[in-house]
Amino acid sequence: MEVINDNGCSWIKDLTPRTNVKTLKSNEDCDWLIIGAGYTGLSAARKLSQLYPNQKIILVDAQLAGEGASSRNSGYLVDTTLNDGFTSNKELENYKKKADIYALGINAVKKFINEYQVDCDWNECGKYFASSKSEDKKILTNFSNTLSQLGYEHNLLFKNEIYKRLGTSFYNIALQTKGGILLHPGKLVRAMIDILPSNICLYENSHLLNWNKNKDTILCNFKNGNINTKKIIFATNGFLKSLGIKSNYNFPITLTASMTRSLTDEEFKLIKEPREWGILPVRPMGATIRTTKDRRILIRNTAEVHNPFKMSKSDLEKRSINQKIGIKKRFPQLPNDIIQSSWSGIVSRTRNSSQIFEKIDKNIFAAGCYNGSGIGVGTLFGEQIAIKASNENTKEIETIEARNKPNRLPPQPFLSLGVKSRLFYERLRARSEI
Ligand SMILES: Cc1cc2nc3c(=O)[nH]c(=O)nc-3n(C[C@H](O)[C@H](O)[C@H](O)COP(=O)(O)OP(=O)(O)OC[C@H]3O[C@@H](n4cnc5c(N)ncnc54)[C@H](O)[C@@H]3O)c2cc1C
């Protein structure tokens, strides 16, 4: 499976193009090989370089480092996500386990940006779960009970207050959580690349074609060279399955997003000059929509099984038109053609939305499948999988391993049918929220 991305992502376009790019062109041996240089792989590499300053560590990516989903996401560093139900004590306990992992993820990112003085437009502005449907009050009231029991500060808001704060009268009800951070995902991942210590060798545009284990060595074949390694960490998230990693537990999903240009002073006044905000949908397939520090609006309102993963230009344009409609619905006062670019990104899912964090075989490790929480959890899992692969233990690993493990997927064709019909049903349920 080739990894090729469109070049439309606004977050990437905000950054200065990189110049120091090396590609694998010969055969190499190493102590540690990490496949995938997004938040997970970069964090694993950073941690390994601290643990083993004298060992040879290679990090490889099929495209430019960080330019996969890690640069292409919406930039919500979440402390909580909305899940239906959670009425029994057992469900509450499971929710707490999930939220404990999110909290560790936020700490891991915070620690990184403080240590390296990273500017990634960090804004601790909290977030809103919002819906245009008044009947969604029931879902938000249930969620509010869950948050109250776990001590998360939040409040319910209605149409007029939402309009005052966010400049849109589209939503009838919202639950605001105090926790949650908005950031510039491209700046964050670029910082992780820029600070890679000199004992990490980074090869980009170098696609792992296949791999196998021979006694105590793992042999990895790339287009222009091979790498033999003692230990390997797979950090390819949406591409775990295509590399044969936990294939019966995860599957890829393609998401698309669009970003407007910066609003002019007049346009900004028309939407009530709000502070930066981020909305997540109450219904799973509804739109996530946020503003940025420099007055742009980002919208993501698709999640689909797309084969090939990468969108063709015309497929992307179709989604971009839907996103233009999504912005117009919320901000009819703004001009029609303010979307500046649209892009897609690949993530991975498991059946029960749980993450992969494990030893696959002797000296072979994998981390991934974060649903909508990969910024924090990917950073955390990258660091901690490096520690686990070193046969060490931490409190963080104990918290991660206390979660429910991913459930096995049904076999094909039931898997495809199941995923497609579930997505179709969720899309139908959320059609007013797209
Ligand atoms: C549109 C969109 C919106 C999102 N919004 C949010 C959000 O608001 N908040 C949040 O927390 N998460 C969000 N996510 C999810 C988040 O981006 C991911 O969970 C996160 O980036 C995962 O990081 P990663 O390092 O594990 O994977 P990636 O960033 O996907 O990195 C994996 C890397 O592996 C490389 N690779 C794959 N196959 C190979 C191969 N064979 N050989 C070599 N390299 C390979 C890829 O090129 C890629 O760079 C969103 C994702 C998308 C696409």
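The values are calculated or read from the model by the stated rules, or taken from the named source; none is laboratory data. Nothing here was measured: the structure is a model prediction, and the numbers come from that model. Note: ideal-geometry Cβ built from the backbone for every residue, glycine included; neighbour counts use all protein chains shown. Side chains included, ligands, DNA and RNA excluded: accessible areas come from the protein's heavy atoms. Shrake-Rupley method; radii C 1.70, N 1.55, O 1.52, S 1.80 Å.
Testing Q323 on (1) crowded, with 21+ Cβ neighbours inside 10 Å; (2) under 25 Å from R403 (Cα atoms); (3) among the polar types (S, T, N, Q); (4) more than 17 Å from the chain's Cα centre (by Cα), one condition comes back false. Which one is that?
Every listed condition holds for Q323 apart from (2).
Determine if the range 58-78 includes at least one residue that is more than 12 Å from the ligand (Cβ to nearest atom) and either crowded, with 19+ Cβ neighbours inside 10 Å or hydroxyl-bearing (S, T, Y) (or both).
No, the range 58-78 has no match at all.
So, I12, is that one in contact with an Asp or Glu (Cβ under 8 Å, 6 or more places away or on another chain), open to solvent by less than 50 Å² (accessible area, probe 1.4 Å) and away from the ligand (no atom under 14 Å from the Cβ) or not?
Considered against the rule, which asks whether it is in contact with an Asp or Glu (Cβ under 8 Å, 6 or more places away or on another chain), open to solvent by less than 50 Å² (accessible area, probe 1.4 Å) and away from the ligand (no atom under 14 Å from the Cβ), I12 comes out as no.
So is N54 in contact with a helix residue (DSSP H, G or I) (Cβ under 9 Å, 6 or more places away or on another chain), open to solvent by 10 Å² or more (accessible area, probe 1.4 Å) and either closer than 30 Å to S258 by Cα or in a loop (DSSP other than H, G, I, E, B) (or both) or not?
When the stated conditions are applied, N54 does not pass them.
Filter the range 206-219 down to the residues that are under 28 Å from the mean Cα position of the chain (by Cα) and surrounded by fewer than 17 Cβ atoms within 10 Å (Cβ to Cβ), then identify the one that is nearest to the ligand (Cβ to nearest atom).
L209
Mind checking which residues of the range 158-205 are among the charged types (D, E, K, R), free of Cβ contacts under 8 Å to residues at least 60 places away in the same chain and open to solvent by less than 70 Å² (accessible area, probe 1.4 Å)?
Once the filter is applied, which keeps residues that are among the charged types (D, E, K, R), free of Cβ contacts under 8 Å to residues at least 60 places away in the same chain and open to solvent by less than 70 Å² (accessible area, probe 1.4 Å), the range 158-205 yields only E161.
Just to check your reading of the model, which residue among G85, G41 is at pLDDT 95 or above and either within 16 Å of the ligand (Cβ to nearest atom) or not polar (S, T, N, Q) (or both)?
Step by step, each of G85, G41 is checked, and only G41 is at pLDDT 95 or above and either within 16 Å of the ligand (Cβ to nearest atom) or not polar (S, T, N, Q) (or both).
Can you name every residue in the range 283-321 that is more than 16 Å from the ligand (Cβ to nearest atom) and touching a helix residue (DSSP H, G or I) at 6+ places or on another chain (Cβ under 9 Å)?
R283, R295, listed by residue number.
Here's the yes/no breakdown for (1) near the ligand (Cβ under 10 Å from one of its atoms); (2) part of a helix (DSSP H, G or I); (3) free of Cβ contacts under 8 Å to residues at least 40 places away in the same chain; (4) under 17 Å from L15 (Cβ atoms):
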{"residue": "E93", "(1), (2), (3), (4)": "no, yes, yes, no"}
{"residue": "D100", "(1), (2), (3), (4)": "no, yes, no, no"}
{"residue": "N114", "(1), (2), (3), (4)": "no, yes, yes, no"}
{"residue": "V118", "(1), (2), (3), (4)": "no, no, no, yes"}
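Quick one: is K313 at pLDDT below 95, of a type outside the set (A, V, I, L, M, F, W, C) and either open to solvent by 60 Å² or more (accessible area, probe 1.4 Å) or under 20 Å from the mean Cα position of the chain (by Cα) (or both)?
So K313 fits the description; yes.
Tally up the residues in the range 8-35 that are assigned to a loop (DSSP other than H, G, I, E, B) and in contact (Cβ under 8 Å) with a residue 24 or more places away in the chain, please.
Number satisfying all stated conditions: 12.
Specify the residue that is surrounded by the fewest Cβ atoms within 10 Å (Cβ to Cβ); the eligible residues are those in the range 326-372 that are away from the ligand (no atom under 14 Å from the Cβ) and part of a strand (DSSP E or B).
Ranking the candidates gives D361 first.
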